[in-house]
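Every number in this text was worked out from the coordinates using simple rules, so none of it is lab data. A quick note: this is a predicted structure, and the numbers were derived from the prediction, not measured. FYI the Cβ positions are ideal-geometry reconstructions off the backbone, even for glycines, and counts take in every protein chain you see.
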Amino acid sequence: MSKLQPARGTRDIYGDEARRMNAVVETFRTIAGSYGFEDLATPIFEFTEVFKRPLGEASDVVSKEMYTFEDRGGEEVTLRPEFTAGVCRAFISNGMQQNLPCRLMSHGPVFRYERPQKGRYRQFHQINAELLGPDAPEFDVEMIALAWRLLVKLGLGDKVVLNLNTLGDVESRMAYRDALVAYFSAHKGQLSEDSVRRLETNPLRILDSKDEGDKALVANAPMMSEFLNDHSREFFRVVKAGLEAAGVPFEHNERLVRGLDYYTHTAFEFITTELGAQGTVLAGGRYDGLIEKLGGPAVAGIGWAGGIERLAMLADIQTAQPRLAVMLPMGEAATLKCYALADDLRDTGLTVTTDRSGNLGKRLTRASKAGARFAVILGDNELEAGVVLVKDLERGTQDQVTFDALSVAVAE
């Protein structure tokens with residue numbers, strides 16, 4: 001039998017990487033909580049229509065990347081490729097429109113079938129924040145400022161650049177779409193196969209093409225700013241003024257688009273140059289028509305998601321194994337006593353394990369290799385005297401302490 005390996009694009013997470021990823025999540029939950037966000041956990045899989053309808057049949061996510069299958073009941077379901085659609089479905093299903101605005105934070109695995117690369121897997125993990133209800137630009141500022149505050153807290157303030165753009169309202173976007181169709185249709189023979197397809201479905205996505213021939217055409221394509229109506233211009237002006245007032249640095253990137261069909265007005269990406277070509281670590285935008293598209297009420301929304309793996313790779317996180325004590329009972333009676341003694345130590349915040357096999361020398365060696373600070377030795381003589389031997393494995397000292405004094409002896 002060949003050696004078992006995880007499926008391509010997946011891997012096991014443990015040790016320091018797990019601690020770093022957990023630190024990202026905890027930092028996110030702390031900062032988002034300070035903005036009034038509450039936890040929401042959505043299912044890892046949903047009916048396929050939950051994703052297909054808002055993301056768009058022609059989007060790369062739907063057409064190329066979703067893990068979709070038929071379950072045993074004959075229902076077509078899809079593993080979660082992103083959070084926003086599922087969060088909006090939960091908003092509708094649970095009647096959350098009665099308590100607007102809704103500030104919701106989530107985290108967990110997402111699934112996309114694509115070529116694995118640095119910091120990108122077929123099963124990866126995201127943090128996600130959604131603000132549902134308000135349609136004013138000041139709330140776009142709040143959401144971007146939240147993301148910036150998180151990145152600064154993770155030590156990434158000097159490693160990322162905020163790219164900001166506006167996609168305008170529906171009227172502006174449709175006018176721009178028509179202009180792009182006219183421009184790229186005149187150069188159709190020079191477009192890549194993917195961009196020819198996008199020309200019929202979502203021409204804005206051509207602006208994000210990685211094909212060198214497409215890039216040359218994009219350089220001379222019409223700009224979104226030429227087609228913004230007065231409302232869209234004013235909306236974007238307020239967003240930029242708010243970010244400046246909040247001390248959030250940004251660059252206006254007129255070629256920035258988002259890969260999903262539901263975005264309007266503000267679009268943004270925090271980008272780094274430290275992860276190769278795939279440099280986006282956190283991105284999002286406004287999606288005022290999405291909930292209505294899913295069959296819910298006309299409720300505005302704005303949100304963003306960040307890749308936990310990428311943030312953990314970049315972040316200035318100092319991780320350390322927990323302070324560890326190992327109980328070393330010698331005999332059955334000592335083992336029984338160690339149950340209570342170990343729990344007393346755990347109540348102080350110490351991590352405690354028990355090693356019962358082998359001679360004392362081998363057990364002490366294993367405790368040192370495990371990174372334990374203390375070894376607590378208890379044999380028949382110690383049990384009779386009501387004491388334990390506490391060996392400090394860092395300092396090489398050993399003290400005899402009573403059962404009652406054990407918690408104090410290992411506290412630092």
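Here are some notes:
- Debye log10 I(q)/I(0) for the chain, one point scatterer per Cα, at q = 0.15 Å⁻¹: -1.35
- Phi-derived couplings, Karplus 6.51 cos²θ - 1.76 cosθ + 1.60 at θ = phi - 60°, listed residue by residue for the range 322-334: x, 5, 10, 10, 10, 7, 10, x, 10, x, 5, 5, 5 Hz, with x used for Gly and Pro.
- Calculated mean residue ellipticity at 222 nm for the chain: -11000 deg cm²/dmol, from DSSP H runs with n ≥ 4 weighted as -39500 (n - 2.57), summed, divided by the residue count and rounded to 500.
- Here the extension length gained between K153 and A298 equals 48.7 nm, from 0.36 nm per residue of separation less the Cα-Cα distance.
- Centre-to-centre, using Cα atoms only, the range 194-210 and the range 218-263 are separated by 19 Å.
- Applying a DSSP loop filter and a limit of 11 other Cβ atoms within 10 Å to the trypsin sites (Lys or Arg not before Pro) in the range 1-102 leaves K3, R8, R72.
- Checking the Cα-Cα distances for K369/K391; K52/K293; K210/K293; K153/K210 against a 21 Å cut-off, the pairs over it are K210/K293; K153/K210.
- Averaging Cα coordinates gives a centre for the range 153-182 and one for the range 1-29; these two points are 32 Å apart.
- Using a simple spin-label model with pseudo-atoms 7 Å out from Cα toward Cβ, A186 and Y339 lie 8.3 nm apart.
- For the range 175-222, trypsin sites (Lys or Arg not before Pro) are listed when DSSP marks them as loop and at most 10 other Cβ atoms sit within 10 Å of their Cβ; the list is K210.
- Equivalent-ellipsoid semi-axes for the range 324-409 (Cα gyration tensor, √(5λ), whole Å, largest first): 17, 15, 12.
- Cα shape, the range 65-112, gyration tensor, a/c 1.5 rule: oblate
- Between S93 and R346, the FRET efficiency from the beta-carbon distance, with R0 = 56 Å, is close to 0.90.
- Cα gyration tensor category, rounded, prolate or oblate, for the range 107-252 with a/c compared to 1.5: oblate
- FRET efficiency, 1/(1 + (r/R0)^6) with R0 51 Å, evaluated for N22 and H231 via beta carbons: 0.75
- Inter-part distance, the range 83-133 to the range 282-359, computed on C-alpha centroids, equals 20 Å.
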